[in-house]
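In what follows, a structure is listed as structure tokens, so that the remarks can point back to it.
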Amino acid sequence: MSFHLHVRPRRLRRNAVIRGLCAETQLSVNKLIYPLFVREGKGKTPIPSMPGQFVFSIQPILKEIEECIALGIHTIALFPQIVPDKKDPMGSEAYREEGIYIRALQAIKQRFPNLCLISDVALDPYSSTGHDGWVSPEGEVSNDKTLPLLSRMAVLQAQSGADIIAPSDMMDGRVGYLRKALDQADLRHIPIMSYSAKYSSSLYGPFRDALGSAPKGDHVPGDKKTYQINPKNRREATWEAKLDQEEGADILMVKPIGFYLDVLYEIRQITPLALAAYQVSGEYAMFHAAAERGWIDLRSVVQESLFSIRRAGADMIISYFAKDFAVWNRKEDSPQP
Ligand code: PBG
């Protein structure tokens, strides 16, 4: 016995083809950005808290990128692991032409001219304090003393092969400052992807382990709360997004994303700019940890998380799962409906 029911949403969920027609969100590898870590020396080192991820020296990273390109991933976000004895309070290794990061950008660009290479602008991997900016003797992360260092970095990176400059430091005014420096150096064509809403999150642990970049030292703040956004706030994130847009950012970012989908959704309503979301190291680690215990199915949980990020309004997603997603969705592997 069935009773008369005029409206039945289940009609559109009856089979895979109908569900596909009605799907509101698409995701393909051309929306994904794969983060990679580079170091000096030879070989590659696994990152214990990020199963399947490595810190690569230059030769192996070229091989890794070749694999990514074969899978359809054409955008890489590069981060450096700097040896401790090359770190100093000013992060000088960041703007030294012979530094590993600059050499890696050059080598990658030379080998893969069509790759879109996103470079990171912040001092933390290079500074002995682990902070994104310069720390004064009084223990203050100095905004205005940091800006010139960031702009030296950004210009050198763009001259060395970076296609997009991505400041992740959260200093006030850095987007405008970098825009001006890039333009003055004849780099008007280089876009800025700003980490606009970067939260003071507990989800960066595995990344900091990989780079040895956690804040450290006497008279140095033990956290990044004086520059990264308080997780309790959303209006503040929209304010940062508006400022970055006014200062000339081309792409805005929300990071981390899993706990901050509301922030992304809200920024989507107030800007015409392209939006990026960063699924960070702690999110990657949590999914892996649960999957390893057999408590969740990695593949379906990861895809669900990536779709939720698109649904909230991201144009592009930076994710350590980018390569897995590409493998899982290879044309020849996808089941026919
Ligand atoms: C800082 C920076 C961080 C990440 C990338 N750049 C976090 C931090 O230490 O504040 C984290 C990315 C991740 O966890 O995957 N410039």
Inset, instruction - Could you tell me whether Val302 is under 17 Å from the mean Cα position of the chain (by Cα) and free of Cβ contacts under 8 Å to residues at least 24 places away in the same chain? - result: yes
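Need at least 2 residues that are among the polar types (S, T, N, Q) and surrounded by 14 or more Cβ atoms within 10 Å (Cβ to Cβ) per element, so show me which helices (runs of 4 or more DSSP H) inside segment 265-337 make the cut, counting only ones lying wholly within it.
Working: elements: 281-292, 298-312, 322-328.
Answer list for segment 265-337: 298-312.
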Legend entry - Residues within segment 214-234 that are open to solvent by less than 70 Å² (accessible area, probe 1.4 Å), in a loop (DSSP other than H, G, I, E, B), within 12 Å of the ligand (Cβ to nearest atom) and closer than 23 Å to Asp262 by Cα, tallied: 3
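Which one of these is of a type in the set (Lys, Arg), more than 17 Å from Ala94 (Cα to Cα) and within 17 Å of the chain's Cα centre (by Cα): Lys109, Lys198, Lys180? Give the steps one after another, and end with the answer.
On the way: Lys109 fails: within 17 Å of the chain's Cα centre (by Cα); Lys180 fails: within 17 Å of the chain's Cα centre (by Cα).
None of the others qualify; the one that does is Lys198.
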Inset, instruction - Return the only residue of Leu264, Leu306 being at pLDDT 95 or above, more than 16 Å from the ligand (Cβ to nearest atom) and not aromatic (Phe, Trp, Tyr). - result: Leu264
Legend entry - Hits in segment 94-129 - residues which are in contact with a Pro (Cβ under 6 Å, 6 or more places away or on another chain) and either under 16 Å from Pro167 (Cα atoms) or free of Cβ contacts under 8 Å to residues at least 24 places away in the same chain (or both): Tyr101, Val121, Pro125
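Would you be able to say whether some residue in segment 60-67 is in contact (Cβ under 8 Å) with a residue 60 or more places away in the chain and touching a Leu at 6+ places or on another chain (Cβ under 9 Å)? Let's see the steps before the verdict.
Applying the first criterion (in contact (Cβ under 8 Å) with a residue 60 or more places away in the chain) to segment 60-67 yields 67.
Narrowing further to those that are touching a Leu at 6+ places or on another chain (Cβ under 9 Å): none.
Among the residues of segment 60-67, not one is in contact (Cβ under 8 Å) with a residue 60 or more places away in the chain and touching a Leu at 6+ places or on another chain (Cβ under 9 Å), which makes the answer no.
Mind checking which residues of segment 235-250 are within 16 Å of the ligand (Cβ to nearest atom) and open to solvent by less than 20 Å² (accessible area, probe 1.4 Å)? Give the derivation first.
Within segment 235-250, the first condition is being within 16 Å of the ligand (Cβ to nearest atom), and the residues that meet it are 237, 240, 244.
Result: Ala237, Asp244.
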Inset, instruction - Mind listing whichever residues of segment 118-172 are under 13 Å from Ile102 (Cα atoms) and within 12 Å of the ligand (Cβ to nearest atom)? - result: Ile118, Ser119, Asp120, Val121, Tyr126, Met153
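Sort out which residues of segment 267-285 are within 16 Å of the ligand (Cβ to nearest atom) and either basic (Lys, Arg) or in contact (Cβ under 8 Å) with a residue 60 or more places away in the chain (or both), and write them in order of number. Even if it seems obvious, please write down each step before you answer.
Our first condition is that a residue be within 16 Å of the ligand (Cβ to nearest atom); within segment 267-285, this holds for 276-285.
Within segment 267-285, Ala276, Tyr278, Val280, Ser281, Gly282, Glu283, Tyr284, Ala285 meet the criteria.
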Legend entry - Those residues of segment 124-157 which are open to solvent by 10 Å² or more (accessible area, probe 1.4 Å), assigned to a helix (DSSP H, G or I) and aliphatic (A, V, I, L, M), in sequence order: Leu147, Leu149, Val155, Leu156
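So how many residues does segment 183-207 have that are within 12 Å of the ligand (Cβ to nearest atom), buried (at least 18 other Cβ atoms within 10 Å of the Cβ) and either within 14 Å of Asp124 (Cα to Cα) or without any contact (Cβ under 8 Å) to a residue 40 or more places away in the chain (or both)?
Going through segment 183-207, the residues within 12 Å of the ligand (Cβ to nearest atom) turn out to be 195, 198-207.
With buried (at least 18 other Cβ atoms within 10 Å of the Cβ) added as a condition, the list becomes 195, 198-199, 201, 203-204, 206-207.
Now narrow it down to the ones that are either within 14 Å of Asp124 (Cα to Cα) or without any contact (Cβ under 8 Å) to a residue 40 or more places away in the chain (or both): 204, 207.
Within segment 183-207, residues that are within 12 Å of the ligand (Cβ to nearest atom), buried (at least 18 other Cβ atoms within 10 Å of the Cβ) and either within 14 Å of Asp124 (Cα to Cα) or without any contact (Cβ under 8 Å) to a residue 40 or more places away in the chain (or both) number 2.
Could you name every one of the strands (runs of 3 or more DSSP E) located completely within segment 1-103 that has at least 3 residues being in contact with a strand residue (DSSP E or B) (Cβ under 7 Å, 6 or more places away or on another chain) and not charged (D, E, K, R)? Even if it seems obvious, please write down each step before you answer.
Numbers: elements: 32-38, 44-46, 54-56, 75-80.
Qualifying strands (runs of 3 or more DSSP E): 32-38, 54-56, 75-80.
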Inset, instruction - Take the residues in segment 52-67 that are under 18 Å from the mean Cα position of the chain (by Cα) and open to solvent by 30 Å² or more (accessible area, probe 1.4 Å), then tell me which one is farthest from Ala285 (Cα to Cα). - result: Phe54
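The values are calculated or read from the model by the stated rules, or taken from the named source; none is laboratory data. Note that this is a predicted model, so its numbers are computed, not measured. Glycine gets a Cβ as well: all are built from the backbone with ideal geometry, and neighbour counts include every protein chain shown. The protein model used for the area step is the full one, side chains on, heavy atoms only, and it has no ligands, DNA or RNA in it. Shrake-Rupley method; radii C 1.70, N 1.55, O 1.52, S 1.80 Å.
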